[in-house]
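What follows is one structure encoded as structure tokens, with my remarks underneath.
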Amino acid sequence: MTHKHTTSELMNLAIDKARETMNENIGGPFGAVIVDNNGTCIAVASNSVLKDHDPTAHAEINAIRLASKNLGTHDLTGCTLYTTSYPCPMCLGAIIWANIKNVVYGCTAEDADNIGFRDDFIYQFIEGGHKDIKILDLKEKHRDSCLTLFKEYQDKEKTLY
């Protein structure tokens, strides 16, 4: 019989993994755990931005990649993610793309901001309508050519995810 972990145990797994890699200068104080719908732990990961020289190597992204690999699917429907901090916009997007509907988090985006991380800053950019070109200059170009590609995908009835 599989041991059903408590919320505290799962959060402690995330905290312990984050603390371990944080102290090794692998990444920040961010850890994540994913359990399946039976409560079985399928992934424990931490932030590895510094080690991997990869700005996308956040704990939640790493946990999603590991869980997907372990389960052999991109669809993590029924899974729950436990994370040491409210997910940044990138991670929220990945969580939604993975079909994870339940997230338990520890610290807030404001808490991350208070120690120097930019999560809250990015949320403000998004909520402001993406209009501050000093942060990011978005330009739409060559839409017709790209729409042709999209139509090809649709016409071939490729898998949607």
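The values are calculated or read from the model by the stated rules, or taken from the named source; none is laboratory data. What you see is a predicted model, and the numbers here were worked out from it, not measured in a lab. Every residue, glycine among them, receives a Cβ derived from its backbone with ideal geometry; neighbour counts consider all protein chains shown. Accessible surface areas use protein heavy atoms only, side chains included; no ligands, DNA or RNA. Shrake-Rupley method; radii C 1.70, N 1.55, O 1.52, S 1.80 Å.
Taking the Cα centre of segment 1-69 as origin and assigning +1 to Lys and Arg Cβ atoms and -1 to Asp and Glu Cβ atoms, the resulting dipole is close to 100 debye.
Counting only protein heavy atoms and a 1.4 Å probe, the chain has 67 square angstrom of accessible area per residue. Of the whole protein surface, Arg19 contributes about 120 Å² of accessible area at a 1.4 Å probe radius. Secondary-structure-derived ellipticity at 222 nm for the chain, considering helices only, amounts to -13000 deg cm²/dmol, per-run term -39500 (n - 2.57) for DSSP H runs with n ≥ 4. Among Gly128, Ala45, Ile64, which residue has its Cα furthest toward the positive end of the charge dipole of the chain, with +1 on Lys/Arg Cβ and -1 on Asp/Glu Cβ? Positive-end residue among those listed: Ile64. Relative to the Cα centre, the charge distribution of the chain, modelled as +1 at Lys and Arg Cβ and -1 at Asp and Glu Cβ, gives a dipole magnitude of about 360 debye.
Name the most mobile residue of Thr83, Thr148, Thr108, meaning the one with the largest mean-square fluctuation, in a Gaussian network model of the chain with Cα contacts below 10 Å. Most flexible of the set in this elastic network: Thr148.
Over segment 3-79, what number does the Rg to Rh ratio reach, with both radii from the alpha-carbon atoms and Rh per Kirkwood?
In segment 3-79, Rg relative to Rh is 0.99.
Restricting attention to the chain, close to 65% of DSSP beta bridges with both partner residues there are antiparallel. If R0 is taken as 45 Å, the Cβ-Cβ distance between Asn38 and Thr108 corresponds to a FRET efficiency of 0.95.
Rg over Rh of segment 46-110, using C-alpha atoms and the Kirkwood radius, what does it come to? Provide the component values of the computation, followed by the final result.
Working: Rg = 11.4 Å, Rh = 12.0 Å.
Radius of gyration relative to Kirkwood radius: 0.95.
With the dipole of the chain worked out from charges on the C-beta (+1 for Lys and Arg, -1 for Asp and Glu) around the Cα centre, which of Leu76, Cys91, Met22 lies farthest toward the positive end? Of Leu76, Cys91, Met22, it is Leu76. Using the average count of surrounding beta-carbon atoms within 10 Å as a protection proxy, the listed peptides 91-97, 109-115 rank, highest first, as 91-97, 109-115.
Rolling a 1.4 Å probe over the protein heavy atoms of the chain, with every protein chain left in place, gives an accessible area that is 54 percent carbon and sulfur. With a simple spin-label model that places each label point 7 Å from the Cα along the Cα-to-Cβ direction, the separation between Thr73 and Leu92 comes to 2.6 nm.
Taking all pairs of distinct Cα atoms, average 1/r, flip it, and tell me the Kirkwood hydrodynamic radius of the chain in Å to one decimal place.
Across the chain, the inverse of the average 1/r is 17.3 Å.
In plain terms, if you count all Cα to Cα distances in segment 1-44 and split them into 5 Å steps from zero, the share in each step is 5, 25, 27, 19, 12, 8, 3, 0 percent. The spacing between segment 47-83 and segment 89-161, judged by their C-alpha centroids, is 16 Å.
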